[in-house]
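Here the structure comes first, spelled out in structure tokens, and everything after it is commentary.
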Amino acid sequence: GNSVTQMEGPVTLSEEAFLTINCTYTATGYPSLFWYVQYPGEGLQLLLKATKADDKGSNKGFEATYRKETTSFHLEKGSVQVSDSAVYFCALSEPGGGADGLTFGKGTHLIIQP
Amino acid sequence: DVKVTQSSRYLVKRTGEKVFLECVQDMDHENMFWYRQDPGLGLRLIYFSYDVKMKEKGDIPEGYSVSREKKERFSLILESASTNQTSMYLCASSFDLASGIPGELFFGEGSRLTVL
């Protein structure tokens, strides 16, 4: 079956540091890949997505590139802010699998210190 | 602005009580989902629905049921609440395959349920 593996948290960084959150996946086909973010006290919201190999998703200074050869979708940001403190979830969806939702990783809690 | 609204942000119930969690979306989405979120376990799918009156079991349906009588509303029911159902419950919705990207979900803010 499908699975998503993320680095364990919490990840603690200082403001303006470079961020990488690793994500690798296992899927039978060619999935779409997503990063969702959950700010404290809120539900999840889509941060960025990529639907085919070598696509780069980007939003709010975050980027992730769909690497089929390494089955990875690592999240990066060049200079984090305190407001980026949140839980980040990597997820995949198989083609034709839209009706049964996503396969999520367990989430990575990011803490940015001033 | 698109919206998924969950009826209660915080609930406290007693063991054995019947619990209803309501979710309404205003985006005319075909698909709706209920997840629970627990520390160290991430999100786990309880049930989903791809049309009115249709439902499918997710990964952890035991102890739960759902109802979808109208397209915009998807209810999660705990027939007899137990302490191990203390959790954060998240509702989500999405377009169907023909009109959107599979997996692009829109989430509500969550309902934190405590069962004593």
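Failed condition for B:GLY63, given (1) outside any strand (DSSP E or B); (2) without any contact (Cβ under 8 Å) to a residue 40 or more places away in the chain; (3) surrounded by 18 or more Cβ atoms within 10 Å (Cβ to Cβ), with all others met?
Only one criterion in (1) outside any strand (DSSP E or B); (2) without any contact (Cβ under 8 Å) to a residue 40 or more places away in the chain; (3) surrounded by 18 or more Cβ atoms within 10 Å (Cβ to Cβ) is unmet by B:GLY63, namely (3).
Consider A:LEU75 carefully, then state whether it is within 14 Å of chain B (Cβ to nearest Cβ) and either of a type in the set (A, V, I, L, M, F, W, C) or open to solvent by 10 Å² or more (accessible area, probe 1.4 Å) (or both).
Answer is no for this residue.
Kindly check whether there is at least one residue in segment A:26-41 that is farther than 30 Å from B:SER8 by Cβ, away from chain B (no Cβ under 12 Å), assigned to a strand (DSSP E or B) and modelled with pLDDT of 95 or more.
Step one: filter segment A:26-41 for residues farther than 30 Å from B:SER8 by Cβ, giving A:26-33.
Subset that is away from chain B (no Cβ under 12 Å): A:26, A:28.
Then drop every residue that is not assigned to a strand (DSSP E or B), which leaves A:26.
In the following step, the residues that additionally are modelled with pLDDT of 95 or more were identified as none.
No: zero hits.
Suppose we filter A:LYS52, A:LYS68 for residues that are within 14 Å of chain B (Cβ to nearest Cβ) and either surrounded by fewer than 21 Cβ atoms within 10 Å (Cβ to Cβ) or touching a Cys at 6+ places or on another chain (Cβ under 8 Å) (or both); which single one remains?
None of the other options fit; the residue is A:LYS52.
So A:THR24 clears everything in (1) open to solvent by 20 Å² or more (accessible area, probe 1.4 Å); (2) out of contact with any Cys (no Cβ under 9 Å at 6 or more places or on another chain); (3) under 23 Å from B:ARG36 (Cα atoms) except one condition, right? Which one?
Of everything listed in (1) open to solvent by 20 Å² or more (accessible area, probe 1.4 Å); (2) out of contact with any Cys (no Cβ under 9 Å at 6 or more places or on another chain); (3) under 23 Å from B:ARG36 (Cα atoms), A:THR24 misses just condition (2).
Out of the residues in segment B:92-116 that are hydrophobic (A, V, I, L, M, F, W, C) and at pLDDT below 65, which is surrounded by the fewest Cβ atoms within 10 Å (Cβ to Cβ)?
That would be B:ALA98.
Among the numbered criteria (1) in a strand (DSSP E or B); (2) within 12 Å of chain B (Cβ to nearest Cβ), which single criterion is violated by A:SER58?
Of (1) in a strand (DSSP E or B); (2) within 12 Å of chain B (Cβ to nearest Cβ), only one is false for A:SER58: (2).
Consider segment B:12-39. How many of its residues are outside any strand (DSSP E or B), open to solvent by 20 Å² or more (accessible area, probe 1.4 Å) and not basic (Lys, Arg)? Steps first, please.
Taking segment B:12-39 as the starting set, the residues that turn out to be outside any strand (DSSP E or B) are B:14-18, B:22, B:26-30, B:39.
Now narrow it down to the ones that are open to solvent by 20 Å² or more (accessible area, probe 1.4 Å): B:14-18, B:22, B:26-28, B:30, B:39.
With the extra rule that they be not basic (Lys, Arg), the set shrinks to B:15-17, B:22, B:26-28, B:30, B:39.
So the count comes out to 9.
Could you check segment B:1-11 and list, in sequence order, the residues that are open to solvent by less than 100 Å² (accessible area, probe 1.4 Å) and away from chain A (no Cβ under 11 Å)?
Step one: list which residues in segment B:1-11 are open to solvent by less than 100 Å² (accessible area, probe 1.4 Å), which gives B:2, B:4-9, B:11.
Scanning segment B:1-11 gives B:SER7, B:SER8, B:LEU11.
Could you list, in sequence order, the residues of segment A:1-11 that are under 21 Å from A:GLY78 (Cα atoms) and open to solvent by less than 70 Å² (accessible area, probe 1.4 Å)?
Correct list: A:GLN6, A:MET7, A:GLY9, A:VAL11.
Could you tell me which of the residues B:ASP38, B:ASP51, B:ASP28, B:ASP59 is more than 14 Å from every other protein chain (Cβ to nearest Cβ) and charged (D, E, K, R)?
B:ASP28
The values are calculated or read from the model by the stated rules, or taken from the named source; none is laboratory data. Predicted model only: the values in this text are computed from it and were never measured. Counting neighbours? That spans all protein chains shown, and the Cβs are built from the backbone with ideal geometry, glycine included. We work out accessible area using only protein heavy atoms, side chains counted, and drop any ligands, DNA or RNA first. Shrake-Rupley method; radii C 1.70, N 1.55, O 1.52, S 1.80 Å.
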